[in-house]
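The values are calculated or read from the model by the stated rules, or taken from the named source; none is laboratory data. On a predicted model such as this, the values are computed, not experimentally measured, just so you know. Reconstructed Cβ throughout: ideal geometry from the backbone, glycine too, with neighbour counts over all protein chains shown. Each accessible area value is taken on the protein alone, full model and side chains, heavy atoms only, with ligands, DNA and RNA left out. Shrake-Rupley method; radii C 1.70, N 1.55, O 1.52, S 1.80 Å.
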Amino acid sequence: MTTHAVHRGTRTSRTGVLLAIAVIIGLLSVPFWAGRADMRLIVEMAYFLALAQMWNLMAGYAGLVSIGQQAYVGIGGYALFALAIHADVPPLLALPLAGLIAALIAVPTAFVVFRLRGAYFAIGTWVAAEVFRLVLAQVTALGGGTGQSLPATIVRSIADSVDGRDRLIYFTGIALAVCATALVFLLLRSRHGLALTALRDAEGAAESLGVDRFRTQLWVYIVAALGTGMIGALIFLQKLRISPDAAFSVSDWTANVIFIVVIGGIGRIEGPIVGTLVFFALRALLADFGTWYMIVLGGVAVIVMLKAPQGLWGLVADRFGLDFFPVRRLVRSWERGPPARNDA
Amino acid sequence: MAPLLETRGLTAFYGDFQALFGIDVAIDRGETIAIIGANGAGKSTFLRVICGLLGAEPDRVRHRDEAIGGLPANRIVARGIAMVLEGRRLFASLSVEENLRMGADVGRKGPWSLERLYRLFPILAERRRASPATLSGGQQQMAAIGRALMTNPDVLLCDEVSLGLAPVVIRELYAALPAIRAEGTAIVVVEQDINQALQVADRVYCFMEGRVTLTGTPKALSREQIRAAYFGM
Amino acid sequence: MTAALDTVLQGTLLGGLYALFAAGLSLIFGIMRLVNIAHGDLIVLAAYVALVAVQASGIGPIESLVIVVPVMFAVGYGLQRGLLNSTLDRGILPPLLVTFGLSIIIQNALLEGFSADSRKLQAGALEIASLRLGPDLAVGWFPLLIFLTAVAVIAGLQVLLYRTRVGRAFRAVSDDPEAARLYGVDNRHLFALAMALALAVVSIAAVFLAVRTNFDPAVGPARLLFAFEAVIIGGLGSLWGTLAGGVILGVAQSVGAKIDPAWQLLAGHVAFLLVLVLRPRGLFPRAVD
């Protein structure tokens, strides 16, 4: 008789934990030796990584491809400004509240956009984000179409000195990126993780085996909105200025994020990390070429999607058998070969 | 002289899974052969390779003494090999007549026209404007066979045409066979119903696990031989 | 009363333009289940092709269609054959993300080639001529021309799909691509023809857009959303439904703009969301799915 056991812990996964701890310790030391510009750059990388983890959770695991996550970046940012300016909530406390508000708004939004499937869902979420942008442009108390800056008194309430503020924002950014990664990791290792991957790989079969597609996807959508909302709040806490066009920018908060995930490797936790590094490396390399940067980025993403749909990390990991975050018990949908039945 | 259609050492794969292991089958003009075998024996795979839906090495499939293995399906049908897919697979948003015209659109000249086909299956003339979904199973199968005949094939491949149909309907379908054969068309039927297959075929091939385990004329084969070839007992 | 009638009339005519945006999207989805995120950017690309044609040869914008339509037809054929065919049959991600990447590439390439300045094509007297319908009611000849063209294009596509041999092949491929191959249909060629046809329609929409309003490299996504909304409001798989969807969207925007100019787009989106909530399959879904 044969017995089977599902293993997820590997030697590389223990290496992965050690590596992650080392990187986090290294990052926490940055404020004590690096300059302002470096810190800002790392915060930016941190929030793109966090956004990418949230988008990957939806698209790579729950089968929800959204082109409208800028909705929750914008809502999070605006919630922060509204709470800080009109309700005197300390900005750092407003951060989680902004996430909650985004999650609350995600519930009714989901009931509308979930009526669309697949690619139509993607465009539907984009329409929803446009609606939020157009509505907020009408709210004069939040600056209307031109937007507004965070008043100096509130900025000073974060911390007295510029250095102090930078450090707080830096640590918050790192915390968000680590939490977003950990959240996806833990979620996928939980009971729900299996339901998610089952849905993505074989929706019909999963449903007939009792996985509730609607509820599972709804929860993922709401959790992603919560995370994205908090990240949005942090982004505009760092920028200190918000406007509808900046807050709900599809190219900044969704196109870039999609490229990061696709290039790094969709449906893998390491994917967004690798993608973020590649994204910022390309940006540094092509900084002087303006629009060519986006053309190259788009081109790389298209080529990766066609030639290596498992992403750059997928290429490396498959070649060397690496898996730092072992949560996968799965085959991805686009790797389906011809049907396994050979005869009828 | 070379047979009309012939496979030599034909193999087929689904990814890493090998489904056929060196199949030799030959069929002449006007001949009817039946392929029988259990589920998973490779019968449908064999037809799918010949009609171009699955790849093959060129020289493993020869038609009119030319290598056709691996040609795309749309070119193979233009050469005169038509396939009736399992499950009928009529075009749902086309009317019955439009489905038949899809066969004519392939552009091969020959004996089959709408008029001729409507004489063979008069019910299709009556239902020519109907949507295939409103036809009975037997009528759908007639339309599917008719659509294949409209390509004026010299080889007609039929995959499980009697599946799910009542015996009386099956008899009606097979009653059309002599008219098709009379045009010199070679017919390959894949059948689960062994009795039906033995009745109509000039020769029978029995497949098991991707190999031909038995071949001969229906008269020459004993029940015991067939059972052994079919089930490996 | 006349003012209300005027609003609805202008909105209806605007809907003709949206239906032209949407017809190509609808066609592509119907035939190969591909949702082309770059559709709006291809409209803008066609507008720039018209701009170049007009500037290089000195012909009028409407006449430039003689150049734009074949150019976009070729672009569509090449795009489908060279890139998009390989994204089909591989799940939802590849077509979606490849066309999304394409959208960003087209936008930035246009930005690189033509800068962010807004452009417009001049059609001279045609733009201002109007047809008087009553003491306080008039419609511009140009919006009327757009609407009538939309009706003609959709009628033409219907004839093509339901009365011709290639149309029969389009519908067969849409029903069952594998069975269609067994009837001599070269799917890759046919899909490329469908995209070419869609972009030929897009060219007409683009020239009208470019005469009607200013355009710049960034206006594509909004056009995609309008086209998408018209398709969903009308119901998937129905070209006449798409025309109706365009008209409903146009009227909603026109009414919104009447109340407050800032509400034009919002009113259109809200109409779309309402239809989505109340009639998820659209107002005129095709009976056979």
Which value, in square angstrom to the nearest 100, describes the accessible area buried between chains C and A on both sides, using a 1.4 angstrom probe? 3700
Karplus 3J(HN,Hα) series, Hz, for region C:188-205 with 6.51 cos²θ - 1.76 cosθ + 1.60 (x for Gly, Pro): 5, 5, 5, 4, 5, 4, 5, 5, 4, 4, 4, 6, 5, 5, 4, 4, 4, 4
Most mobile listed residue (A:PHE236, A:PHE32, A:PHE48) in chain A, GNM with C-alpha springs under 10 Å: A:PHE32
Which residue fluctuates most in the GNM of chain C (Cα springs below 10 Å): C:LEU276, C:LEU42, C:LEU13? C:LEU276
What FRET efficiency, computed as 1/(1 + (r/R0)^6) with R0 = 41 Å and r the Cβ-Cβ distance, is obtained for A:LEU186 and A:GLN148, rounded to the nearest 0.05? 0.65
Measure out, as a whole number of angstrom, how far apart the alpha-carbon centroids of region C:157-202 and region A:149-203 sit. 48
Given H placed on each backbone N at 1.01 Å, which residues far from B:LEU20 in sequence or on other chains put an amide H within less than 5 Å of it? B:ALA12
Compute the projected area of the convex hull of the Cα atoms of chain C, averaged over all viewing directions, and report it in nm² to one decimal place. 15.9
If one builds a Gaussian network model of chain C from Cα atoms under 10 Å apart, the most fluctuating residue listed among C:VAL68, C:VAL277, C:VAL251 is C:VAL277
Net dipole in debye of the protein assembly as shown [+1 Lys, Arg Cβ; -1 Asp, Glu Cβ; about Cα centre; nearest 20]: 860
Compute and list, largest first, the equivalent-ellipsoid semi-axes of region A:3-334 from the alpha carbon gyration tensor, each √(5λ) rounded to a whole angstrom. 31, 24, 19
Helix-only CD estimate at 222 nm, as mean residue ellipticity for the protein assembly as shown, using -39500 (n - 2.57) per DSSP H run (n ≥ 4): -19500 deg cm²/dmol
Rg and Dmax of region A:217-301 over Cα atoms: what are they, in angstrom? 14.2, 42
What's the angle, to the nearest 10 degrees (0 to 90), between helix C:264-278's Cα axis and the longest principal axis of chain C? 50
Can you work out ³J(HN,Hα) from phi for every residue in region A:143-159, in order, using Karplus 6.51 cos²θ - 1.76 cosθ + 1.60 and θ = phi - 60°, giving whole Hz and x for Gly and Pro? x, x, x, 8, x, 8, 9, 6, x, 4, 4, 5, 4, 5, 5, 5, 7
Averaged per residue, what accessible surface does the protein assembly as shown expose to a 1.4 Å probe, in Å²? 40
For chain C, the percent of accessible surface on carbon and sulfur atoms (probe 1.4 angstrom, ligands and nucleic acids excluded) is 66
Scaled to the compact-protein estimate 2.2 N^0.38 Å, what is the alpha-carbon radius of gyration of region B:5-231, rounded to two decimal places? 0.98
Rel. contact order, % - alpha carbon contacts under 8 angstrom, at least six apart, chain B: 28
Relative contact order (percent) for chain C, with alpha-carbon contacts under 8 angstrom and 6 or more residues of separation? 37
Where in chain A are the DSSP H helices whose C-alpha atoms run 18 Å or more along the long axis and whose mean Kyte hydropathy is at least 0.0? A:11-29, A:36-56, A:70-86, A:91-113, A:118-136, A:162-189, A:213-239, A:270-285, A:291-307
I need two numbers for the protein assembly as shown: Rg to one decimal and Dmax as a whole number, Cα atoms only, in Å. 31.1, 101
7 Å from Cα along Cα→Cβ at both A:ASP318 and A:ALA205: what's the point-to-point distance in nm? 1.9
Taking a probe of 1.4 Å and counting only protein heavy atoms, give the total accessible area buried between chains B and A in Å², rounded to the nearest 100. 700
For region A:3-334, with +1 on Lys and Arg beta carbons and -1 on Asp and Glu, the positive-most of A:ALA175, A:TYR120, A:ALA206 along the dipole: A:ALA206
Which angle from 0 to 90°, rounded to the nearest 10, does the C-alpha axis of helix B:137-149 make with the longest principal axis of chain B? 80
Computed lengthening from B:LYS109 to B:ALA175, 0.36 nm per intervening residue step minus Cα-Cα distance: 21.3 nm
For Cα pairs less than 8 Å apart in space and 6+ apart in sequence, what is the mean separation divided by the residue count of region A:152-261, i.e. the relative contact order in percent? 23
Karplus-derived 3J(HN,Hα), 6.51/-1.76/1.60, for each residue of region B:120-127, Hz, glycine and proline x: 5, 10, x, 4, 5, 5, 5, 9
With unit charges on the beta carbons (Lys and Arg positive, Asp and Glu negative) and the dipole taken about the Cα centre of region C:70-183, which residue among C:PRO177, C:ILE92, C:LEU102 sits farthest to the positive side? C:PRO177
Where nothing but the Cβ of Lys and Arg (+1) and of Asp and Glu (-1) is charged, how large is the charge dipole of chain C around its Cα centre, in debye to the nearest 20? 580
Label-to-label distance, nm, for residues given as C:ARG119 and C:GLN55 (7 Å Cα→Cβ offset): 0.6
Compactness ratio of region A:1-133: Cα Rg over 2.2 N^0.38 Å, N = residue count? 1.40
Working from Cα positions, state the angle (0 to 90°, nearest 10) between the long axis of helix C:239-259 and the longest principal axis of chain C. 30
